[in-house]
Amino acid sequence: MKNVLIEKWNRIKRENPQIRIREAARQLDVSEAELVATGTGSGNTLLNNDFKSLLKEVEKIGQVMALTRNDYCVHERKGVYNKVAFNGEVGLAVNPDIDLRLFMSNWKFGFAVNENGRLSFQFFDKSGEAVHKIYLTESSDKEVYEGLKEKYKAANQDLPVDVEAWDDRQEEKQDSDIDSTHFGEAWKALQDTHHFHGMLKSFGVSRLQAMRLAPAGFTEPLDTGILKRVLESVAAQDVEIMVFTGSRGCIQIHTGLVKNLVQTGPWFNVLDPQFNMHLREDGIAAVWLVKKPTKDGIVTSIEIFDNDGGIIVQFFGKRKPGIPESEAWRSAINQNLAIPQ
């Protein structure tokens, strides 16, 4: 079976050398992890499941590129993996460059991968979908990488990658079944943006449904054109923002400027030296302006959803707890909302 998959994978690469492994996996009706596993013994190495310990040691490699993606947004950030810590199955890496929230219960498979000399650690959930990847850069210490690869190498390199289907789509209640009055009161009483998810859960409300049921003035539907104009404004005015992109196992955050905005076919891109974002516009089902109360005042975000109601990417103004939201961020949004469509 493995040999048959290797043969099919090699044929696809010959026919389309530029194809991404994620797309090839879909064409072959297998998971990305299964395709990566075809390379074990010939460039790729299956890792043991001590992912937490490995992540704590990645900082020894020096500068790397962290990549987290979902179907419609790829988030790439260069930096050093400092301050990685875990509380049970939840991990944090809070740094100016590498800023992650890690949900380790959803990490199942890991590999050290060699793609024609491009070295990385890659991690996947039980369905074989990538949750996070760490690529070496020109500034990385390859000897340290090789040492970590050997240290965390699985004893049995022939272990099968047995994947399980994973459907995490949330079935929405009818709007009429939601206690919208108390939901609105709870929204207005928020003191911290981190409490938002818990509020949704307590009322049985999906995130996209919450956009419709929010109290008046706290959400507003937008179009993709407004999103791009806001990003063009913050790029021109040197306004620092925060960009959140998540998989099932990781949320990755960029805080800082975005400068070089480039449209390439359906992809809207940020192509900066330390941060790249690739947003596939034809996967966007809805764009919402969202306002959440906190003890530091209103926090405003632009949130992008796919057809299943999942979050693709979120944009905030740069802020920290105890500091009010950037007026420059609010101004960039309000100026572009005022432009006639």
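The values are calculated or read from the model by the stated rules, or taken from the named source; none is laboratory data. Keep in mind the model is a prediction, meaning the values are calculated, not measured. So basically every Cβ, Gly included, is an ideal-geometry build from the backbone, and we count neighbours across all protein chains shown. These accessible areas exclude ligands, DNA and RNA; they are computed on the full protein's heavy atoms, side chains included. Shrake-Rupley method; radii C 1.70, N 1.55, O 1.52, S 1.80 Å.
Quick one: order E138, E172 from most to least accessible surface, probe 1.4 Å.
These residues rank, largest area first, as E138, E172.
How much accessible surface does E15 have with a 1.4 Å probe, in Å² rounded to 10?
That residue has around 140 Å² of solvent-accessible surface.
Between N260 and D50, what FRET efficiency follows from the Cβ-Cβ distance if R0 is 41 Å, with the result rounded to 0.05?
0.60
Mind counting lysine pairs for me in the stretch 175-338? Cα separation below 17 Å, and the two need to be 8 or more apart along the chain or on different chains.
Taking the Cα cut-off of 17 Å, the pair count is 13.
Put a dot 7 Å past each Cα toward the Cβ at Q18 and E146; how far apart are the dots in nm?
In this crude label model, E146 to Q18 measures out at 3.3 nm.
Quote the accessible area belonging to M104 in square angstrom, nearest 10, computed with a 1.4 Å probe and with ligands, DNA and RNA left uncounted.
10 Å²
Based on Cβ point charges of +1 for Lys and Arg and -1 for Asp and Glu, what charge dipole magnitude is obtained for the chain about its Cα centre, in debye rounded to the nearest 20?
Approximately 560 debye in magnitude.
Among G283, G62, G117, whose mean-square fluctuation peaks in a Gaussian network model of the chain (Cα, cutoff 10 Å)?
G117
All other residues with a Cβ under 11 Å from the Cβ of G297 taken together, and with Lys, Arg as +1 and Asp, Glu as -1, what is their net charge?
Cβ neighbours under 11 Å give a net charge of +2.
Please give every one of the lysines within straight-line cross-link reach of K56, meaning a C-alpha to C-alpha distance under 18 Å, and leave out same-chain neighbours fewer than 8 residues apart.
Candidates past the 8-residue exclusion: K78, K83, K108, K133, K142, K149, K151, K153.
Take H278, H254 and sort them by solvent-accessible surface of the protein heavy atoms, 1.4 Å probe, largest at the top.
Sorted by accessible area, descending: H278, H254.
Starting from the residue with the highest accessible area, list F109, F103, F183 in decreasing order, probe 1.4 Å.
F103, F109, F183
Apply 1/(1 + (r/R0)^6) to the Cβ-Cβ distance of E232 and R11, taking R0 = 41 Å, and write down the FRET efficiency to the nearest 0.05.
0.45
Let me check I've understood the local charge: for P160, count other residues with C-beta under 11 angstrom from its C-beta, Lys and Arg +1, Asp and Glu -1. What total comes out?
-2
Once you have the Cα-Cα distance between Q174 and A328, take 0.36 nm times their residue separation minus that, and quote the gain in nm to one decimal.
Full-extension gain reported as 51.6 nm.
How far, in nm, would the chain grow between M199 and E185 when pulled straight, counting 0.36 nm per residue and subtracting the alpha carbon separation?
Value of the extension gain: 4.0 nm.
Nearest 500 deg cm²/dmol is fine: what mean residue ellipticity at 222 nm does the chain get from its DSSP H runs of n ≥ 4 alone, each adding -39,500 (n - 2.57), divided by its residue count?
So the helix-based figure for the chain works out to -8000 deg cm²/dmol.
How high is the relative contact order of the chain, in percent, with contacts defined as C-alpha pairs under 8 Å that are six or more residues apart?
RCO, the chain: 17 percent.
At 1.4 Å probe size, with the rest of the protein present, what percent of the exposed accessible area of the stretch 175-338 is carbon and sulfur atoms?
52 percent
Give me the accessible area per residue for the chain, probe 1.4 Å, as a whole number in Å².
49 Å²
Relative contact order (percent) for the stretch 175-338, with alpha-carbon contacts under 8 angstrom and 6 or more residues of separation?
23 percent
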